[in-house]
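Scroll down for the structure; my scribbles are underneath it.
Quick note: the coordinates plus some simple rules give every number you see, no bench work behind them. All of these numbers come straight from a predicted model, not from anything done at the bench. When we count neighbours, we look across all protein chains shown, and the Cβ atoms used for this are built from the backbone with ideal geometry, even at glycine.
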Amino acid sequence: MRLGMIGTGNIAARHLSLLGETDTDVEVVAHLSRNPARAEAAAAEFGGRAYQSLDALLDEGRPDAMIVTVPPAEHGAIEDALIAAGVPFLVEKPIGLDKAVPAAINERILSKRLVAAVGYNWRALDTLGAVREQLATTPLRMVLGRFHVGTPSAPWWRFEAQSGGQMVEQACHMIDLARYLAGEGRLLGAAGSFGALPGFSDGDVAGASAALLQFGTVPGVVTATCVLPDGPGPELRLICEGCEIVITLDAVEFIRGKTVSRVPSGASSYTLQNRAFFAAVRHGDPNAVTCSYSDALGTHRLAIEIAANIQHN
């Protein structure tokens, strides 16, 4: 399989660095970046060739599949070109800055029955089977999600018009995993606090925000902050009858009173997600991906609604 990459940031490097354990029959053939020097560097490190335009990449690189890792404001034309060319793709979240552009992209994907995945890699965790087994025994009563970190260094991230804010750009992982495990979500209310971001002289995103939601039949709270450089990071905590379930990328913990049992993750969720994507491409099965574009649209719409309420408050 000939793989092309759009974007050369940290997430692109993460995908590429895991490729050897993901699928040994995938060859990286193309890189595209807003910064040509970074595309050249990626080609030198991971193989393939750097291209100056997407048209040239598609015509000359002849990719069988693409991984797209670009800032939120750059979605639209890239996906349209890949759909027109019939090239399956995995696009990193968030999939846009509004509801209209992703909705239009989704319609075109469905009309072509194209394999299109979104990088909600938490869904691929190999510990989720144990989580579902526990949920079948101790019914879910509440969802608590958090994404507590420092402010990313990418300049575009600090501005609402370019990133959508932290709920859209980062905490969407918690929203998505809650949807995946607890059912569709609806927004009940949201608020945020604004001010200087530690270590930066600019930026207008909320430094902290919270949303009250309903997932299926249970309430949920998702909080986000980017003012904790040494913060605890992301987790999804499920409150059940007689048991708490704490999900992180590293492990799942089951807490029953003072007793804690831990199930570590056996493989990177990126590896498992991408393995499913490549298999879906080989079999031409849009439903075989970890998270389809259509499903991700539900998460994106909810995150956009949260962001809008935070702005208005």
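Results, tabulated for the structure shown:
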quantity	calculated
Loop trypsin sites (Lys or Arg not before Pro), region 199-288, which have at most 15 other Cβ atoms in a 10 Å radius of their Cβ (DSSP)	Lys258
The chain - mean residue ellipticity at 222 nm from DSSP helices (-39,500 (n - 2.57) per run, n ≥ 4, rounded to 500)	-10000 deg cm²/dmol
Positive-end residue, the chain charge dipole about Cα centroid, Cβ charges, pick of Asn309, Gly284, Phe254	Phe254
Loop GluC sites (Glu not before Pro), region 181-281, which have at most 12 other Cβ atoms in a 10 Å radius of their Cβ (DSSP)	Glu184, Glu241
Residues Ser269, Ser209, Ser17, Ser53 arranged by fewest to most Cβ contacts within 10 Å	Ser53, Ser17, Ser269, Ser209
Charge dipole magnitude, Cβ of K and R +1, D and E -1 - the chain, Cα centre, debye nearest 20	600
Scaled radius of gyration (Cα, divided by 2.2 N^0.38 Å) that region 1-82 gives	0.99
Relative exposure of Ile11, Ile78, Ile247, Ile304, judged by other C-beta atoms within 10 Å (fewest first)	Ile11, Ile78, Ile304, Ile247
Sparse-neighbourhood loop sites, trypsin sites (Lys or Arg not before Pro) in region 20-124 - DSSP loop, at most 14 other Cβ within 10 angstrom	Arg34, Lys99, Arg113
Residue among Phe46, Phe200, Phe159 with the largest mean-square fluctuation in a Gaussian network model of the chain, springs linking Cα atoms under 10 Å	Phe200
Antiparallel %, DSSP beta bridges [both residues in the chain], to 5	60
Which of Phe278, Phe147 has the fewest Cβ neighbours within 10 Å, and the rest in rising order	Phe278, Phe147
Prolate/oblate/rounded label for region 58-213 (Cα gyration tensor, a/c 1.5)	oblate
Shape category assigned to region 257-313 from the gyration tensor of Cα positions, a/c cut at 1.5	oblate
Charge dipole of the chain about the Cα centre (unit charges at C-beta), most positive-ward option of Ala117, Ser294, Val221	Val221
Dipole axis of region 1-160 (+1 Lys, Arg; -1 Asp, Glu on Cβ), positive-most option in Leu58, Ala77, Ser33	Ala77
Sum of side-chain charges, Ala206 neighbourhood, beta-carbon under 13 Å (Lys, Arg +1; Asp, Glu -1)	-2
Candidates Thr24, Thr299, Thr225, ranked by Gaussian network fluctuation over the chain, Cα under 10 Å, top entry	Thr24
Cα-based shape type of region 186-269, given that a ≥ b ≥ c are square roots of the gyration tensor eigenvalues and the cut on a/c is 1.5	oblate
Under 11 Å, Cβ to Cβ, from Pro71 - net charge with Lys/Arg +1 and Asp/Glu -1	-2
Radius 11 Å from Cβ of Val221, net charge of other residues (Lys, Arg +1; Asp, Glu -1)	+2
Nearest-20 debye value, region 1-117 charge dipole, Cβ charges on Lys, Arg, Asp, Glu	220
